[in-house]
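What follows is a set of notes on a single structure, which appears directly below.
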Amino acid sequence: MIHTATDEVLEFLWYAGEENRSVQSRDDLGAAIDDESFLSAINDLVAADAIDSDFRLSPTGAARARRIVRRHRLAEVLFVEAFGTGLHDAEVSACEMEHMLSDAVVDRVCTFLGHPPVCPHGKRIPSGDCCRVYSKHIDPLVMRVVDLPVGASASIAFIAPKTLARIEKLAAFGIVPGSEIRLVARKPSCVIACGATSIALEEEIGREIFVRTA
C-alpha cells in the first residue's frame with residue numbers, strides 16, 4: 001500500500017504546525033485514515049520517538065515530516081508547471097508520489113524545476129541539499145519555450161500537447177524532441193526558428209513545448 005498511515009500523521013502534524021493549530025486528537029488532524037490505522041500509526045510513531053503522547057513532533061519526526069511535505073509540494077509543482085495538470089489532479093497524484101520518491105530523486109526534480117520556493121497553493125517548499133549548494137536562484141534545466149530570452153537557442157526536451165493533432169502539426173515542421181530551435185519573438189505571437197523555417201505559434205502551444213538550455 002503506497003499511503004502509509006504514519007506518513008499521513010506526520011504530514012498533517014507538519015501542516016498543523018505551519019498553521020499554528022493545536023492537535024489533541026485525530027479530529028484535529030483531519031487525516032484521511034480510519035481510526036484503527038490512526039491508532040496504530042500513533043503507537044508506531046511514539047515507539048520510534050517521532051512524536052510524543054501529546055502529538056508533538058520530535059526532531060526525528062519533524063525531519064521525516066519535512067521530507068514528506070517537500071516531496072508532496074515539489075510533485076505538485078512538477079504536475080502543474082511542467083505537465084499543465086489541474087490543481088485537483090496534481091494534488092491527488094502528489095499524494096501518491098510523496099511516499100514513493102527517494103531524497104536523491106526529489107533533489108533531481110527540484111533542480112529540474114529550478115528550486116521553486118513555493119507550491120501551486122503558495123505554501124513554502126522545504127529546501128533540500130540541492131538548494132543549499134547554490135547561493136542564489138538558478139534557472140531551471142528545462143523551461144517552456146515562451147520563457148526563453150528572445151534570441152536564445154535551445155533543444156526541445158519534450159512536448160506536452162493537449163491534443164494529438166497539435167503534436168502531429170508540430171512534427172510536420174520538424175519540431176520534435178531533440179530538435180534545435182531559437183526564439184525569434186515572444187510578442188505579439190511566439191515565433192521560433194527551427195532550421196531554416198520560422199514558425200509562429202499560439203502562446204498556449206508555446207507553453208506546451210519544453211526546452212533544455214544546457
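Annotations
- Per residue, in Å², the accessible surface of the chain once ligands and nucleic acids are set aside, probe 1.4 Å: 54 Å²
- In the chain, the sites counted are trypsin sites (Lys or Arg not before Pro) in DSSP loop states with at most 11 other Cβ atoms within 10 Å, and the longest stretch holding none of them, exclusive of the sites, is 1-135.
- On Cα atoms only, tilt of 35-47 relative to the major axis of the chain in degrees: 80 degrees
- Max mean-square fluctuation residue, GNM over the chain, Cα-Cα springs under 10 Å, options 188, 120, 149: 188
- Short-range pairs are left out: with C-alpha atoms under 8 Å and at least six residues apart, the relative contact order of segment 1-130 is 24 percent.
- Per-bin percent of Cα-Cα distances, segment 89-180 [10 Å]: 13, 35, 33, 18, 1
- Calculated [222 nm] ellipticity per residue, helices only, for the chain: -12000 deg cm²/dmol; basis is -39500 (n - 2.57) per DSSP H run with n ≥ 4, divided by all residues, nearest 500.
- Translational diffusion coefficient (Stokes-Einstein; Kirkwood radius from C-alpha pairs) of segment 66-114 at 10 °C, 1.306 mPa s, in µm²/s: 152 µm²/s
- Between segment 5-75 and segment 183-206, the alpha-carbon centres lie 48 Å apart.
- Top of 204, 180, 36 by mean-square fluctuation, Gaussian network on the chain, Cα under 10 Å: 36
- Angle in degrees between helix 5-18 and the longest Cα principal axis of the chain, rounded to the nearest 10: 80 degrees
- By accessible area, using a 1.4 Å probe on protein heavy atoms only, the chain has 55% of its surface on carbon and sulfur.
- Convex hull of the chain built on C-alpha atoms - directionally averaged projected area, nm²: 14.1 nm²
- All distinct Cα pairs of segment 11-116 go into the 1/r average, and the inverse of that average, the Kirkwood radius, is 14.9 Å.
The values are calculated or read from the model by the stated rules, or taken from the named source; none is laboratory data. Note that the structure is a prediction, hence the values are computed from the model and not measured. Positions of Cβ are backbone-derived with ideal geometry, glycine not excepted, and every protein chain shown enters the neighbour counts. These area figures cover heavy atoms from the full protein model, side chains too; ligands, DNA and RNA do not enter into them. Shrake-Rupley method; radii C 1.70, N 1.55, O 1.52, S 1.80 Å.
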